[in-house]
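Report on one structure; see the data block that follows.
Where a number appears in this text, it was derived from the coordinates with a stated rule and is not lab data. All values reported here derive from a predicted model rather than from experimental measurement. Backbone-built Cβ (ideal geometry, glycine too); neighbour counts: all protein chains shown.
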Amino acid sequence: MWRIYLDYNASTPISQGARMAMAPYLEHAYGNPSSLHWAGQPARAAVEGARAEIADLLGATPDEIIFTSGGSEANNLALKGVAFARREKGRHIITAQAEHPAIEAPCAFLEKIGYEVTRIPVDSTCRVDPDAVARAIKTGTILVSIMHANNEVGTINPIAEIARIAHANGAFMHTDAAQSVGKVETTVDTLGVDLLTMAGHKFGAPKGVGALYVRSGTPLEPLIHGAGHEQGRRAGTESALLAVALGAAAREAADLAPLQRVKALRDRLWTLLQAHFGNRIVLNGHPEFRLPNTANISFVSKVGADLLAGLDGVAASTGSACHSEHVELSPVLRAMGVSPEAGMGAIRFSLGRATTEAEIDATVADIAKVLRVGAS
């Protein structure tokens, strides 16, 4: 049986560079990075070296990088940190309807404690219209948070344009770039953002580590209070082990050349499936402004979970949740206006740097076999 992994948007394998970087810190370099003695200082140097590598990837300075436990914490710190720090300036936040739960849930929490959140609709390709953001901004708008690339359909938003609108109206700009780091350019000056979220396990680091970029001068109230770690912005003893893994993964992620091959394989998947199924499949997401590794494809009138269950060892994700009596579309597909007939058959195929042409061809053949059997 084939074991084909096409769920890289969910999580990636730990890269060779990250594994090698971690090895010394599993046994020898065990000191506390805050300690001034011989055991602590190598750990401190490792943490700061990793911080510099992450800053290099984003085109930032090392003092603008905060280590976190992952993308969810980074998103929470960005949203709540700015909201709490600027509460005297205003209590209005703008986001979008197709954001990750790690954005939606903190926004819902802030609403419970007196903040106002405007959720901008997305179009049928899952893109946010910058003009809609401009219309939503008002006196008291303190933060705009729009994801760089959607995790389900891969659509890339016009973040630089939205950031210009936010800044022209005195608001800060945050983007959740958990899905785009290592796949497309994410330099912070090109995007024009004040805060940017990254999640290590999306680009070759282990789970449990991420980072938040915070542009110098951006106000931020810590979520975790304690000692003065991370320049007083996030208390907790830093993990040299996880930091060096994230730094190594960031160094590898800076080379985007392999993504041209990945994009070609993604397009091969779509082309082969079209040849088999024609108008019985639909591509969800923007055909052009999309992550090079992501193809969210609806098998019309099929149930995605049933199709995946019939495949021999292909790991991918569905865009719907199956319940006892019905199939519920994901909030992203629902926000895009995808019909239930198409949405219930949505499958997200997300490729990685290790994906091969043979794996793509085998996946298509397996899908054709399952659907042929199901139709008989």
Handout entry: Note, ³J(HN,Hα) from phi for segment 122-130, Karplus 6.51, -1.76, 1.60, rounded to Hz, x at Gly and Pro
Key = 10, 7, 5, 9, 6, 9, 8, 7, x
Practice task
Give me the net charge of Gln16's neighbourhood, meaning all other residues with Cβ under 13 Å from the Cβ of Gln16; Lys, Arg count +1, Asp, Glu -1.
Solution key: +2
Handout entry: Cα gyration tensor of segment 10-129 - equivalent ellipsoid semi-axes, whole Å, descending
Key = 36, 19, 13
Fill in the blank from the handout: Length gained if Asp255 through Glu328 is fully extended, taking 0.36 nm per residue and subtracting the Cα-Cα distance, is 22.4 nm
Problem - Pairs of alpha carbons in segment 244-376 whose separation is greater than 25 Å (percent) - result: 29 percent
Exercise for the section: With springs only between Cα atoms under 10 Å apart, run a GNM on the chain and tell me which of Pro24, Pro106, Pro206 wobbles the most. Expected result: Pro24
Fill in the blank from the handout: Taking Cα atoms, the helix 240-253 axis meets the longest principal axis of the chain at an angle in degrees (rounded to 10) of 50 degrees
Practice task
Please return the longest stretch of the chain lacking exposed loop sites, where GluC sites (Glu not before Pro) count only if DSSP places them in a loop and at most 16 other Cβ atoms lie within 10 Å.
Solution key: 186-287
Exercise for the section: Please give the length that would be gained between Ala354 and Ala105 if that part of the chain were fully extended, namely 0.36 nm times their separation in residues minus their C-alpha to C-alpha distance (nm, one decimal). Expected result: 86.3 nm
Completion exercise
Going residue by residue through segment 297-309, the Karplus relation 6.51 cos²θ - 1.76 cosθ + 1.60 with θ = phi - 60° gives ³J(HN,Hα) values, rounded to whole Hz and with x marking Gly or Pro, of 10, 9, 9, 4, 6, 9, 10, x, 5, 5, 5, 4, 4
Practice task
Using only Cα atoms, tell me the angle between helix 159-168 and the longest principal axis of the chain; keep it within 0 to 90° and round to the nearest 10.
Solution key: 40 degrees
Handout entry: Cα→Cβ-extended label distance, 7 Å offset, between Thr190 and Asp131, nm
Key = 2.7 nm
Handout entry: Amide hydrogen neighbours beyond the local backbone of Phe172, cut-off 5 Å, H modeled
Key = Leu143, Val144
Handout entry: Mean separation of Cα contacts under 8 Å (6+ apart) over length of the chain, as relative contact order %
Key = 23 percent
Completion exercise
In segment 1-146 the DSSP beta bridges are antiparallel at a rate, in percent to nearest 5, of 10 percent
Problem - Candidates Ala78, Ala23, Ala245, ranked by Gaussian network fluctuation over the chain, Cα under 10 Å, top entry - result: Ala23
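Can you tell me the convex hull volume per residue for the chain, based on C-alpha atoms, in Å³ to the nearest whole number?
Hull volume over Cα atoms, normalised by residue count, gives 144 Å³.
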Practice task
At q = 0.14, 0.18, 0.26, 0.28 Å⁻¹, what is the base-10 log of I(q)/I(0) for segment 51-118 according to the Debye formula with one equal point scatterer per Cα and no solvent? Please give it to two decimals.
Solution key: -0.51, -0.76, -1.09, -1.17
Handout entry: Angle in degrees between helix 71-85 and the longest Cα principal axis of the chain, rounded to the nearest 10
Key = 50 degrees
Completion exercise
per DSSP, antiparallel bridges as share of beta bridges in the chain, % nearest 5, sits at 60 percent
Handout entry: Under-5 Å amide H pairs with Thr318, H placed in peptide plane, nonlocal only
Key = Arg348
Problem - Hz values of 3J(HN,Hα) by residue in segment 33-42 - Karplus curve (6.51, -1.76, 1.60), Gly and Pro given as x - result: x, 8, 7, 8, 8, 4, 7, x, 5, x
Problem - Options Gly345, Gly154, Leu223, ranked by Cα towards positive dipole end of the chain, top entry (Cβ charges) - result: Gly345
Fill in the blank from the handout: Expressed to two decimals, segment 193-289 has a Cα Rg over Rh, using the Kirkwood radius, of 1.16
Exercise for the section: For segment 67-215, count all C-alpha to C-alpha pairs, find those more than 19 Å apart, and express that count as a whole percent of the total. Expected result: 46 percent
Handout entry: Highest-MSF residue in the chain out of Leu351, Leu212, Leu256 [GNM, Cα springs under 10 Å]
Key = Leu256
Handout entry: Whole-Å distance, taken between Cα centres, linking segment 89-153 and segment 1-54
Key = 33 Å
Completion exercise
Any residue on another chain or 5+ positions along whose placed amide H is under 5 Å from the amide H of Leu291 is listed here as Thr155, Ile156
